[in-house]
1. Under a Cβ-Cβ cut-off of 11 Å, what is the net charge of the residues other than residue 262 that fall near it, where Lys and Arg count +1 and Asp and Glu count -1?
2. Quick one: what Rg and Dmax do you get for segment 240-286 from the alpha carbons, in Å?
3. For the chain, treating each Cα as an identical point scatterer without solvent, what Debye log10 I(q)/I(0) comes out at q = 0.13, 0.15 1/Å?
4. Rank 52, 284, 279 by accessible area, highest first, at a 1.4 Å probe radius?
5. Based on the alpha-carbon set only, what is the convex hull volume of segment 1-141 divided per residue, in Å³?
6. Given Cα positions, please report Rg to Rh for segment 208-298, the hydrodynamic radius being the Kirkwood one.
7. In whole percent, what relative contact order does the chain give with Cα contacts below 8 Å and a gap of six or more residues?
8. So what's the net charge close to residue 58: Lys and Arg +1, Asp and Glu -1, counting the other residues with Cβ under 12 Å from its Cβ?
Amino acid sequence: MENKPRIVIYGAGQYGQYISRFAIESGWSIVAAYNRAGDKVGKDLGELAGIEKLGVVVQNCDTADYSNLEADIGVVTATNSLHMNADAHQRMLGAGLNVICHGAESYYPFGCNRELALELDALAKKNNVTFTGGGIWDMSRIWAGILVAGPCTSIESLFHSSITCAEAQTGHKEQLKMLGIGYSVQEFMEQGLDKSPFAIMYSSLLEHVLVALGYRIKNSTQYVEPVVFEQPVKLKKFDVRVPAGDCVGIRFVSETETEEGVTARYEGDVRFLREDETEHMFWEVDGMPTTRLRTERDNSDHATAACLFNRIPDVVAQIIPLPLSQVNLQSFS
């Protein structure tokens, strides 16, 4: 780039550190960094990211002054929840920065929290900046779903599935319980994991793709269920053994109907991987013709951060990509 972006990191954890390393490798400047109160506050961002000192000290996000930020974009890497990230988004947009967020609910915020999405949209427009989601979902969940429908002259339904390695998604042993790993099926239900609020974000990705293809959403439903294997498994990372019949992870299921009659279904596992399995995402369109697309990855954390980072130049330039098709494909059937 002729004019290199000036970046603010909001969330100095795993993904914020990835973005920091990518930025320094590209010769971009990091103007400031923020994090919630804790052991990262007061430390040099470069040291946290495992590179040289940058002279950028991580500030407490709740007490910092955002009024004089000389930057182009705020990279928010806090949580997947649009609601929980709202303060970060409002602070960055209010300071006149474009915002890109790796949180899953940021890709299609109107499908997760319409009221808050409208507030963020109004704030972005007021300050002549943009708000967008970014990360590996761009490639594998959103654009892959649009792309696989490209050859179709008619569509009956879409199916999307994924398998994500639970060990790669957890930083410490206690987090395994959030995925139900090690619980019996009864304990999974008793812990309320079948009511996980994260299910809605997977419905939103189906809605995102359907809307991009020109369909109107009629109804979406979600539910969650445990994943069990018939054989015992051992999670090497945490030295945890799960007996046969106990939970090795969690499955999110979403179903969406459109006014035009086209339906979509998602089945996504976050669980232990068998030896012959690889993290992957799969799309299939039942139509004319029937089409399928599968994407695999070896390092999902790097891929997520890299997809977001590679979007930054277009976001700063406010080049907003249009869907591959704005045509309602049902009109061809």
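The values are calculated or read from the model by the stated rules, or taken from the named source; none is laboratory data. What you see is a predicted model, and the numbers here were worked out from it, not measured in a lab. Glycine also receives a Cβ, built like all others from the backbone with ideal geometry; neighbour counts cover every protein chain displayed. For accessibility, only protein heavy atoms count, side chains too; no ligands or nucleic acids. Shrake-Rupley method; radii C 1.70, N 1.55, O 1.52, S 1.80 Å.
1. Numbers: positive: 216, 218; negative: 156, 257, 259, 260, 286.
Taking every Cβ under 11 Å from that of residue 262, the sum is -3.
2. 15.1, 48
3. Results for the chain at q = 0.13, 0.15 Å⁻¹ read -1.06, -1.31.
4. Listed by decreasing accessible area, they come as 52, 284, 279.
5. 111
6. 1.08
7. Details: 708 pairs, mean separation 63.5, N = 333.
Averaging sequence separation for qualifying contacts and normalising by length gives 19 percent for the chain.
8. Combined, the nearby Lys, Arg, Asp and Glu give 0.
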